[in-house]
Amino acid sequence: MRAIVHDPGAPYGLRLGEAPDPVPRDGQALVRVAAISFNLGELRDLCGFSPGHVSGWDASGVVERAAADGSGPPVGTRVTTFGWTGAWAELRAVDVGELAAVPGHVDLGAASAVPVAGVSALQAVRALGPLFGRRVLVTGASGGVGRFAVQLAARAGAHVVASVGAAGRGAGLDALGAAEVVVGKVPGPLHAVIDNVGGPLLAEALTRLEDGGVVQWIGQASGRATVLDSAQRAGHRSWRLESFAVAAPFGPDLAFLMGLLGSGELDPQVGWRGGWERAQEAAGALLSRQVNGKAVLDVWSPP
């Protein structure tokens with residue numbers, strides 16, 4: 001089958017080539033992939049794999065062979081899928097607990113943008129507890145996880161403050177539900193933070209938390225250390241800083257998000273799209289922060 005394989009000598013370590021067809025286990029469906037979406041984490045982790053490896057977390061397509069144990073959707077079902085490897089190929093073997101049906105009117109490319117970023121945002125927002133009427137900061141709000149987090153926190157009733165690194169990257173966040181869009185600063189007070197940036201911005205956010213506030217620390221896009229000192233413990237405030245890790249299986253959360261996508265209540269925010277022969281271009285744009293939201297690559301167009 002055709003696949004985007006790891007090639008250490010190619011730009012961004014990516015090359016469109018050939019790979020063996022996957023062999024599904026009993027509890028796995030074989031999916032004919034229509035579209036994939038790139039994530040920063042998987043692109044940065046390529047150096048840890050052998051040449052020829054097929055990486056990738058997110059893919060959408062059509063079930064070509066149902067799971068042999070009778071679980072999961074039947075042949076012909078349109079699905080979006082998650083796994084820690086194997087998405088960047090024409091065929092993907094995926095656990096039936098890590099996929100969800102895509103509504104018939106929803107574009108499979110849009111659906112491919114949801115799994116890792118959407119489920120991470122959903123679980124992080126859920127971990128903050130009740131948010132109605134509370135101020136919630138989302139840092140790195142222009143990225144894939146950030147744009148989902150803005151929408152889902154606003155849907156939960158929060159007053160969302162969206163923090164971005166440059167003015168241009170904040171475009172459209174107000175339409176997604178952000179009550180405030182700020183550049184490189186942290187206005188308080190805050191009930192909670194979803195942090196995708198780390199570094200000094202996270203340290204500053206901690207000083208703005210109300211008593212009992214909570215931070216879900218998802219990522220460190222800044223690449224800088226977060227230094228905490230007594231300033232973050234000033235007064236009598238107490239707060240929680242929790243290191244976030246997305247939890248599998250994704251299936252139930254994916255099904256919920258596909259429902260929102262189908263009803264028009266969730267926008268996948270695809271900021272770059274093209275054929276998968278342009279994988280190197282897409283990777284370069286994402287890694288250099290030229291994409292607001294998600295980068296989607298089309299593998300084939302369903303009839």
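Are there any helices (runs of 4 or more DSSP H) wholly within the stretch 78-159 with 3 or more residues that are out of contact with any Pro (no Cβ under 6 Å at 6 or more places or on another chain) and in the same structural domain as H191 (by TED's automatic domain parsing), and if so which? Even if it seems obvious, please write down each step before you answer.
Working: elements: 108-112, 115-127, 144-155.
The qualifying helices (runs of 4 or more DSSP H) are 115-127, 144-155.
Which one of S60, S55 is under 27 Å from P103 (Cα atoms) and touching a strand residue (DSSP E or B) at 6+ places or on another chain (Cβ under 6 Å)? It would help to see each step written out before you state the result.
On the way: S55 fails: touching a strand residue (DSSP E or B) at 6+ places or on another chain (Cβ under 6 Å).
The match here is S60.
Within the set of pairs 6+ apart or on separate chains, which have a first residue in the stretch 197-210 that is assigned by TED's automatic domain parsing to the domain that holds L228, a second that is assigned to a helix (DSSP H, G or I) and hydroxyl-bearing (S, T, Y), and C-beta atoms under 8 Å apart?
Hits for this filter: zero, empty list.
Residues are listed down the side, and each one gets a yes or a no for (1) crowded, with 23+ Cβ neighbours inside 10 Å; (2) farther than 30 Å from V214 by Cα:
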residue: R32; (1), (2): no, yes
residue: G41; (1), (2): no, no
residue: L46; (1), (2): no, yes
residue: S50; (1), (2): no, yes
residue: D58; (1), (2): yes, no
residue: G72; (1), (2): no, yes
residue: A101; (1), (2): no, yes
residue: H105; (1), (2): no, yes
residue: A117; (1), (2): yes, no
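Among the residues of the stretch 60-70, count how many are of a type in the set (V, I, T) and surrounded by fewer than 23 Cβ atoms within 10 Å (Cβ to Cβ). Before the answer, list the steps.
Start the filter on the stretch 60-70 by keeping residues that are of a type in the set (V, I, T), which leaves 62-63.
Now drop any that are not surrounded by fewer than 23 Cβ atoms within 10 Å (Cβ to Cβ), which leaves 62.
Counting residues in the stretch 60-70 that are of a type in the set (V, I, T) and surrounded by fewer than 23 Cβ atoms within 10 Å (Cβ to Cβ) gives 1.
How many of the residues in the stretch 259-290 are part of a strand (DSSP E or B) and over 25 Å from A167 (Cα atoms)?
The qualifying residues number 2.
S112 versus (1) in contact (Cβ under 8 Å) with a residue 40 or more places away in the chain; (2) within 25 Å of D211 (Cβ to Cβ); (3) in contact with an Asp or Glu (Cβ under 9 Å, 6 or more places away or on another chain): which is the lone unmet condition?
With (1) in contact (Cβ under 8 Å) with a residue 40 or more places away in the chain; (2) within 25 Å of D211 (Cβ to Cβ); (3) in contact with an Asp or Glu (Cβ under 9 Å, 6 or more places away or on another chain) applied to S112, the lone miss is (2).
Scan the stretch 38-57 and give yes if some residue there is touching a Cys at 6+ places or on another chain (Cβ under 9 Å) and assigned to a helix (DSSP H, G or I), otherwise no.
Checking the stretch 38-57: not a single residue is touching a Cys at 6+ places or on another chain (Cβ under 9 Å) and assigned to a helix (DSSP H, G or I).
Restricting to the stretch 139-164, name every residue that is more than 14 Å from the chain's Cα centre (by Cα) and of a type in the set (A, V, I, L, M, F, W, C).
Those that are more than 14 Å from the chain's Cα centre (by Cα) and of a type in the set (A, V, I, L, M, F, W, C): A153, A154, A156, A158, V160, V161, A162, V164.
When the residues of the stretch 79-99 are filtered to those that are crowded, with 20+ Cβ neighbours inside 10 Å and without any contact (Cβ under 8 Å) to a residue 60 or more places away in the chain, which remaining residue is nearest to G52 (Cα to Cα)?
Checking each candidate, the answer is A87.
Could you check the stretch 41-64 and list, in sequence order, the residues that are closer than 18 Å to G251 by Cβ and of a type outside the set (G, A, S)?
If the condition is that a residue be closer than 18 Å to G251 by Cβ and of a type outside the set (G, A, S), then W57, D58, V62, V63 are the ones that fit.
Which count do you get for residues in the stretch 276-303 that are touching a residue at least 24 places away in the same chain (Cβ under 8 Å), more than 23 Å from N196 (Cα to Cα) and either of a type in the set (F, W, Y) or surrounded by fewer than 22 Cβ atoms within 10 Å (Cβ to Cβ) (or both)?
The first filter runs over the stretch 276-303 and keeps only residues touching a residue at least 24 places away in the same chain (Cβ under 8 Å), leaving 276-277, 279-280, 282-284, 286-287, 289, 292-302.
Subsequent filtering for residues that are more than 23 Å from N196 (Cα to Cα) retains 276-277, 279-280, 297-302.
Adding the requirement that they be either of a type in the set (F, W, Y) or surrounded by fewer than 22 Cβ atoms within 10 Å (Cβ to Cβ) (or both) leaves 276-277, 280, 298, 300-302.
Residues in the stretch 276-303 being touching a residue at least 24 places away in the same chain (Cβ under 8 Å), more than 23 Å from N196 (Cα to Cα) and either of a type in the set (F, W, Y) or surrounded by fewer than 22 Cβ atoms within 10 Å (Cβ to Cβ) (or both): 7 in total.
The values are calculated or read from the model by the stated rules, or taken from the named source; none is laboratory data. Just so it is clear, the model here is predicted, and its values are computed rather than measured. Neighbour counts are summed over all protein chains in view; Cβ atoms, including those assigned to glycine, are modelled from backbone coordinates with ideal geometry.
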